[in-house]
Amino acid sequence: LSRIITLLTDFGLEDGYLGSVKGIILGICPAARMIDITHLVPAQDIRAGGFILHTVYRDFPAGAIHLAVVDPGVGTERCGLVIQTPNYFFVGPDNGLFSWVLKNEPAAEARMLENGEFWRSTVSSTFHGRDVFAPVAAHLAAGIPAALLGPPRIAHIAEWSTVSRHGSTLKGEVLHVDHFGNVITNLDRKTLNDLAPNRRLVIHAEGRAIGGLRSTYGSEPPGAALAIIGSHGFLEIAVNRGNAARVLNLRAGDTVLVGVSSEISPLDPTCTKPTGPTAQWKR
Amino acid sequence: LSRIITLLTDFGLEDGYLGSVKGIILGICPAARMIDITHLVPAQDIRAGGFILHTVYRDFPAGAIHLAVVDPGVGTERCGLVIQTPNYFFVGPDNGLFSWVLKNEPAAEARMLENGEFWRSTVSSTFHGRDVFAPVAAHLAAGIPAALLGPPRIAHIAEWSTVSRHGSTLKGEVLHVDHFGNVITNLDRKTLNDLAPNRRLVIHAEGRAIGGLRSTYGSEPPGAALAIIGSHGFLEIAVNRGNAARVLNLRAGDTVLVGVSSEISPLDPTCTKPTGPTAQWKR
Amino acid sequence: LSRIITLLTDFGLEDGYLGSVKGIILGICPAARMIDITHLVPAQDIRAGGFILHTVYRDFPAGAIHLAVVDPGVGTERCGLVIQTPNYFFVGPDNGLFSWVLKNEPAAEARMLENGEFWRSTVSSTFHGRDVFAPVAAHLAAGIPAALLGPPRIAHIAEWSTVSRHGSTLKGEVLHVDHFGNVITNLDRKTLNDLAPNRRLVIHAEGRAIGGLRSTYGSEPPGAALAIIGSHGFLEIAVNRGNAARVLNLRAGDTVLVGVSSEISPLDPTCTKPTGPTAQWKR
């Protein structure tokens, strides 16, 4: 049995914390394949961590265990979770980190981590990533059934990110700014389609008009802003060959409005695959 | 044979140096499992690298090979080391990087790297991480005994970090500031216990009173400073949900004083495991 | 079959993009061994990415697949490539990223990625790293022959970096500044040898005299600038125990001139291996 364990934390990369987590996992399940998603979630930013996890977890093969630790609940009484879905396991604190996953996975079953038999022999008060969550993920990877880890529990689901509709206008917000400065919103393809299938959309961010939806970054000249459905399925504001967050001065929490224009346009920007020897595609 | 090789360096993550080290290792020992501890040790900071290694190495299963390269000894005549302890191997320069490990491992046997048969066929003058230390670690992972690598040697132990006691006051210093801004000192649990078992301690950092020892970050309100024994066993100064180094303006080298108060208090902050279905724990 | 796939991108480490790429690869080729080279290539800097790849790829064992994605060609019509050399495969966009590799590998055979059977079932318009290049690399790792991926193609080779000779003076430029602040030029050992075998060289960077070629960083006192042939075989300007780019105010694109002095000196700084029990070596 060689299960994949992905790791997503706010531990950073400059200390030994991540090494400790991996060492503990290997001691319990030497065959575990550990894949880093990111360890640069902004410190204690549960919402950002949950969003990144949400955009990535389905890209892994069935059976993968997603270990996620963004755990600012210092001193509060939060418990630990294992969540089982048809294809995956999730392990981490019950603080909302798995909110998007749970909304997205109707068949998810959550359990409270309670059986200390599967924890580190000494549990510190400051590092449950190493002492509780890593051992639990490793035992899952080694084949221990989730039911042994603790009793069922209704997991906490946070309602951080709301989309509201006023007539023919959607109001959403910026969730995340990525490495390239692309500004990712909480408006997904289905929501936009429900508003205006095959209609041209008009997007505004913090009062500034971005224009309609494009299907490639290169649809606008270098330096120009544009809106696009990003690779994760959310509306994204970008600048061709530039940094949209910097150019447009946008950040997480900013308001994004989407209205409808009367012109017909194809909404879905997913490429069709090129076929035949002369096919060429755009990035 | 599938041995773990951990990697700790000051190489950073933006160049190809780390990739070269890993490629060389895989060429010699294709089954090696390489685990990054960190590559963001401040450039040429042997003390910081040695401290991080010390806090992490015992979390790995027995048999692991710890490859550590922080090597500022440019042009000086320092040699390379392999160190064998009952559970681990260590490979790197003989410049003090393994000082904490050696103090902690009375049965350690050090050898000077001398047998060029186990090095890269061409050895550069600027990159022994790739040309000497990586091949040696890979050969160890492949089963070569340490005794073939070179003759015994008394390894260099640096005395960077001293704790002094004046009556009932301990004087230590800040060793490291972690990703969260937690300020980690060189005062360990045993030293504090020797000073005042079951006594309340009074901690000062650079003249500022921090108060007594707490057992969780959440023992103080958000934004308040506190002292705690960190997950690595050293006295740490933290700010609940905040960045202590920034709030208190502390950095490596700053002085920390610990005195004794007369009240009785439990010193050891290690959690007992919760048991039973209603158990709840604090981070 | 357990092939190595190396990864070099400008994706950064703070998002989920890299995790997605790795998840997709594992879904196609569960036995693939993925090794990160770097993901901190400056955003959209094809030249920097190509240079780092060039300095690293030969350090991996034969059979390795080098997946490289620095892909600023937003909206332009660039296609994807697979390149096969006697020892390696390369996968990525046809935008010059493989220029140094191709100049260095006369037997390289390039093919255009065209057969969508080996791509992700849905191909986005914004993330070919995940949707095209990762699946192709994974299929190569699983044993699919390159010839099935698409027809032969003349790959794009960029001519960014030129070295010119005027009499007995070479004019080159700074290619890259590494993590330590070492300033790496496009002047390689062979070019310098052709100019003046066994002759003393005189190096100037942006009008400032650096002096002759040294064989170790420690040949000059701490804080002093020096020139050296770096571990990758290119002329490099360094400061002993310091940051040359900062001290000398140099950056990529700056001009470097190399002239000839009349004194004889050994050019090749490659160490000979120390032999015998009293051997000592310099870093």
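Tabulated results
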item: Charge dipole (debye, nearest 20) of the stretch A:115-173; +1 at Cβ of Lys and Arg, -1 at Cβ of Asp and Glu; result: 120
item: Too-long pairs where the Cα-Cα distance tops 27 Å, listed order kept, from B:Lys22/B:Lys103; A:Lys103/C:Lys22; C:Lys22/C:Lys190; C:Lys103/C:Lys171; result: B:Lys22/B:Lys103; C:Lys22/C:Lys190
item: Dipole moment magnitude, nearest 20 debye, chain B about Cα centre, only Lys, Arg, Asp, Glu C-beta charged; result: 780
item: DSSP-defined antiparallel bridges as percent of all bridges, the stretch A:58-151, nearest 5; result: 75
item: Rg(Cα)/(2.2 N^0.38 Å) for the protein assembly as shown, N = residue count; result: 0.98
item: For the stretch A:154-196: rounded, prolate or oblate by the Cα gyration tensor [a/c cutoff 1.5]; result: oblate
item: Dipole magnitude of the protein assembly as shown about its Cα centre (Cβ charges: Lys, Arg +1; Asp, Glu -1), debye to nearest 20; result: 260
item: Residue range of chain B that is longest and free of GluC sites (Glu not before Pro) which are both DSSP loop and sparsely packed (at most 10 other C-beta within 10 Å); result: B:160-283
item: Cα-only radius of gyration and Dmax that characterise chain B, units Å; result: 21.0, 65
item: Cα lying deepest toward the dipole's positive end in the stretch A:25-183, options A:Thr85, A:Gly143, A:Val69, charges on Cβ; result: A:Thr85
item: Cα-based shape type of the stretch A:138-252, given that a ≥ b ≥ c are square roots of the gyration tensor eigenvalues and the cut on a/c is 1.5; result: prolate
item: Among beta bridges that DSSP assigns inside the protein assembly as shown, antiparallel share in %, nearest 5; result: 70
item: Length-normalised contact order for chain A - Cα pairs under 8 Å, 6+ apart - percent; result: 15
item: Cα lying deepest toward the dipole's positive end in the protein assembly as shown, options A:Ala108, C:His166, B:Ser215, charges on Cβ; result: A:Ala108
item: Computed lengthening from C:His204 to C:Ala142, 0.36 nm per intervening residue step minus Cα-Cα distance; result: 17.4 nm
item: Kirkwood-based Rg to Rh ratio, the stretch A:8-114, C-alpha trace; result: 0.94
item: Separation between Cα centres of the stretch C:192-233 and the stretch C:52-99, rounded to whole Å; result: 31
item: The stretch C:90-234, relative contact order in percent, only Cα pairs under 8 angstrom and at least six apart counted; result: 17
item: Inter-probe distance in nm under a simple model that places probes 7 Å from Cα toward Cβ, at A:Ile154 and B:Asn87; result: 4.4
item: Peptide B:102-114 - average C-beta neighbours from other chains (10 Å radius); result: 1
item: For C:Ile157, label point 7 Å along C-beta direction: distances to other copies, nm; result: 5.8, 5.9
item: Peptide-level mean, for C:4-10, of C-beta atoms on other protein chains within 10 Å; result: 2
item: Contact order relative to length of the stretch A:1-125, as percent, for alpha carbon pairs under 8 angstrom and 6 or more apart; result: 25
item: FRET efficiency estimate (nearest 0.05) - Cβ-Cβ, A:Glu117 to B:Gln44, R0 51 angstrom; result: 0.70
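Since every read-out is calculated from the coordinates, none of them should be taken as a lab result. Just so you know, these numbers come straight off a predicted model, no measurement behind them. All Cβ positions, glycine included, derive from the backbone under ideal geometry; neighbour counts span all protein chains shown.
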